[in-house]
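Note sheet for the following structure.
The values are calculated or read from the model by the stated rules, or taken from the named source; none is laboratory data. Keep in mind that what you see is a predicted model, and the values were worked out from it rather than measured. FYI the Cβ positions are ideal-geometry reconstructions off the backbone, even for glycines, and counts take in every protein chain you see.
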């Protein structure tokens, strides 16, 4: 359904994403993992068409999305890494704006906004300025905005950051339910436990390159490990976390050279 | 060291808020603002000084009178510029929740933070005051006819008095606005103040900008016009207090000069001027006392209110949903059912509501609109003068200025609206549009235009209708109202002709026209408005002529709209981050 083919993105000549290819199929939740700065968000932005690729292309249902980006975005739901909203609007006003821009039928839009605000636990704050929202509340508004128009493809870039435990559990179930109903979901996250429990398949990216793309079980078999965390450690970690932590603690407690 | 760091931090924050710049380089803003302040004040000083060089044989009495006018100009300008500075920095004058979040967690005593903030505000005011008043002070010694021998000591006294008085007037202007803000916040509480703050800032911006624009047209004949009548007007007009202070400090330098016989045509004016100037001397002393007392009072009140408001560091407050008052609900109902009935498309609704939400809630957009209203009002007052209140029921003899006022105000405000539409509501959030955009620029723009009708045109025309009804009678005012509707249609279509971006969303691209062609634009607006008024005055007595005029205006706007539709189709993909054209020509000689 959604396919990245040899995607490359260079910033000032340096490749941030380097020849990344993968596919997200209908009915599938795909986890997209990688350490900070590995190129996850850059890939997500290229997949949505918000960022032009230096090379390669993104295909949706076999068609290059750059040929008709508007048609692709009609079927896309995207939750960016950072919830950037119009802070002077209320949640309802923001969602109305998004729905109107997507040309949803007014009555349907009103009904969906009311119901989704209620289900995401935001109805009490529906008319407050978004500027006064916590990060988790903003994230929930972004999630609703991404779901309003019943998209076929969902790209979620660390949507769980700032969410409380209950909402995270609801989100997990929601993604699996949507996948069962035929949606394709790409889920980028740092929370390995979440990915392990939710995703059918996992893609691991490191320094801009895909280093693994398989089911969780297959990856675990491959490296003879018990958990996804250990798989992830073996694939992308070059340093010993224990050693690094000890070095950091040494610097923190260092008072040599301070004035007496 | 820590105090200095904090003061520097707060000084930087003055350059970082929305009204001055949302995304600009700090050094660029500082140099531009400082350059404008010094250049404009230098230009005014040279202009005043030059005026005397063509009157070298002006006798002392007339020179004293002329000097009163110049002092009124410099005192008022200093007061208004400093008051506008306080309005521009409105929210940055006090500590806010961001300061608490950043500094509150550091091991710094609260008193140190508060002291540093107050010092930064004081430094900002002093720096601006000095930048604005330096040139007039230095040029004061040259702003006299060469024939008057005041000597070095006299020149120094005049310069010193000019410097002290204009600086004190500026301090009064700044503290009056600052004090008003802090006193209101202390009286009603921070939460309630937040709900009225934006409206108060906009009203002050309109009033002060209008006053500043009207100043060049109203600073002459101060003594006979403002001082001689005495009474309440003289005593409650703050610039006159500081003019009085100046005359008390240094008025004698010119007045005490020996009288020689001037040219015969100046004998009588010189006698009258000397007599009037000396007759007013007790008033100068009285006004000087007012100035000192007023300055002391605003200083004490401002510091007390600021200290009271700063007794606790502000915390981020989750605002309660606004309670809808009956009037608010009624207005929403009118907007939703009457002014914005069943929109043609969702995109149209998006443009309409997003505009109505952005205009009153974003400080940058409020500031642009307030300035446009101020320019429009000033042009109206300048062109109409005293005719603004003259009842005139005979259509044929209605002053053109009264009829032209409507077009002048509409053109000014709608031009401001177009400029506001070029400023993104929140550029970082514009990706909302990129993701949800379906390529319908035209219906979205149509919604934006409809919002301009509801938010600006309807209130302006309604307000002017009331005024015109009182002056011209309800029938003529009604006919004039219809002309205003037709003019608005034409203006809105013309201003948004081939509009290349998405209003309130696309990145701001500075327009060079505003700087280089601003005066020509104002002149064209005045010329067209008065021409239209002349046609209207001719057409109003006869129904056929009136219908032809309205029909021509409506036909013109329909033509402009049709021409716009015939142009290139709407872009499908948004380019929100359009790069501004380079101000310099690049030669690319590097190969």
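Every residue, every condition in (1) under 29 Å from residue B:80 (Cβ atoms); (2) at pLDDT 90 or above, yes or no:
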{"residue": "B:101", "(1), (2)": "no, no"}
{"residue": "B:108", "(1), (2)": "no, no"}
{"residue": "B:127", "(1), (2)": "yes, yes"}
{"residue": "B:132", "(1), (2)": "yes, yes"}
{"residue": "B:137", "(1), (2)": "yes, yes"}
{"residue": "B:140", "(1), (2)": "yes, no"}
{"residue": "B:145", "(1), (2)": "yes, no"}
{"residue": "B:152", "(1), (2)": "no, no"}
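With respect to residue B:445, determine if the residue is within 14 Å of another protein chain (Cβ to nearest Cβ) and touching a strand residue (DSSP E or B) at 6+ places or on another chain (Cβ under 8 Å).
For residue B:445, the condition - within 14 Å of another protein chain (Cβ to nearest Cβ) and touching a strand residue (DSSP E or B) at 6+ places or on another chain (Cβ under 8 Å) - is not met.
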Right, residue B:359: out of contact with any strand residue (DSSP E or B) (no Cβ under 8 Å at 6 or more places or on another chain), modelled with pLDDT of 90 or more, within 27 Å of residue B:443 (Cα to Cα) and more than 14 Å from chain A (Cβ to nearest Cβ) or not? no
Across region A:150-183, what is the number of residues that are assigned to a loop (DSSP other than H, G, I, E, B), within 14 Å of chain B (Cβ to nearest Cβ) and in contact with a strand residue (DSSP E or B) (Cβ under 7 Å, 6 or more places away or on another chain)? 1
Among (1) under 30 Å from residue B:362 (Cβ atoms); (2) in a helix (DSSP H, G or I); (3) touching a residue at least 24 places away in the same chain (Cβ under 8 Å), the one test that residue A:124 misses: (3)
If you take the residues of region A:46-76 that are at the interface with another protein chain (Cβ under 9 Å from one of its Cβ atoms) and touching a helix residue (DSSP H, G or I) at 6+ places or on another chain (Cβ under 8 Å), which of them is nearest to residue B:441 (Cα to Cα)? A:73
Here is a check on your reading of the model: is residue B:450 touching a residue at least 40 places away in the same chain (Cβ under 8 Å), within 9 Å of another protein chain (Cβ to nearest Cβ) and in contact with a helix residue (DSSP H, G or I) (Cβ under 9 Å, 6 or more places away or on another chain)? no
Limited to region A:34-45, what total is found for residues that are out of contact with any helix residue (DSSP H, G or I) (no Cβ under 6 Å at 6 or more places or on another chain) and away from chain B (no Cβ under 14 Å)? 7
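Can you go through B:504, B:433, B:496 and tell me which one is away from chain A (no Cβ under 14 Å), touching a residue at least 60 places away in the same chain (Cβ under 8 Å) and surrounded by 20 or more Cβ atoms within 10 Å (Cβ to Cβ)?
On inspection, the qualifying residue turns out to be B:496.
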Number of positions in region A:77-102 that are surrounded by fewer than 19 Cβ atoms within 10 Å (Cβ to Cβ) and either more than 7 Å from chain B (Cβ to nearest Cβ) or closer than 20 Å to residue A:50 by Cβ (or both): 3
Going through region A:134-144 one residue at a time, which ones are within 12 Å of chain B (Cβ to nearest Cβ) and modelled with pLDDT of 90 or more? A:137, A:138, A:141, A:142
Within the bounds of region B:467-487, is there any residue that is part of a loop (DSSP other than H, G, I, E, B) and at pLDDT below 90? yes
Of B:213, B:184, B:200, the only residue that is buried (at least 18 other Cβ atoms within 10 Å of the Cβ) and touching a residue at least 12 places away in the same chain (Cβ under 8 Å) is B:213
In region A:107-128, how many residues are in contact with a helix residue (DSSP H, G or I) (Cβ under 7 Å, 6 or more places away or on another chain), under 21 Å from residue A:75 (Cβ atoms) and within 11 Å of another protein chain (Cβ to nearest Cβ)? 1
Which ones in region A:184-209 are surrounded by 22 or more Cβ atoms within 10 Å (Cβ to Cβ) and over 15 Å from the mean Cα position of the chain (by Cα)? A:208
Among the listed residues B:402, B:381, B:408, identify the single one that is assigned to a helix (DSSP H, G or I), surrounded by fewer than 22 Cβ atoms within 10 Å (Cβ to Cβ) and away from chain A (no Cβ under 14 Å). B:381
Unmet criterion (only one of (1) at pLDDT 90 or above; (2) in a helix (DSSP H, G or I); (3) away from chain B (no Cβ under 13 Å)) for residue A:186: (2)
Boolean, residue A:40 is touching a strand residue (DSSP E or B) at 6+ places or on another chain (Cβ under 7 Å) and over 30 Å from residue B:359 (Cβ atoms): yes
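One line per residue, one yes/no per condition, for (1) surrounded by 14 or more Cβ atoms within 10 Å (Cβ to Cβ); (2) within 23 Å of residue A:219 (Cβ to Cβ):
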site: A:2; (1), (2): yes, yes
site: A:21; (1), (2): no, yes
site: A:34; (1), (2): yes, yes
site: A:39; (1), (2): yes, yes
site: A:49; (1), (2): yes, no
site: A:56; (1), (2): yes, no
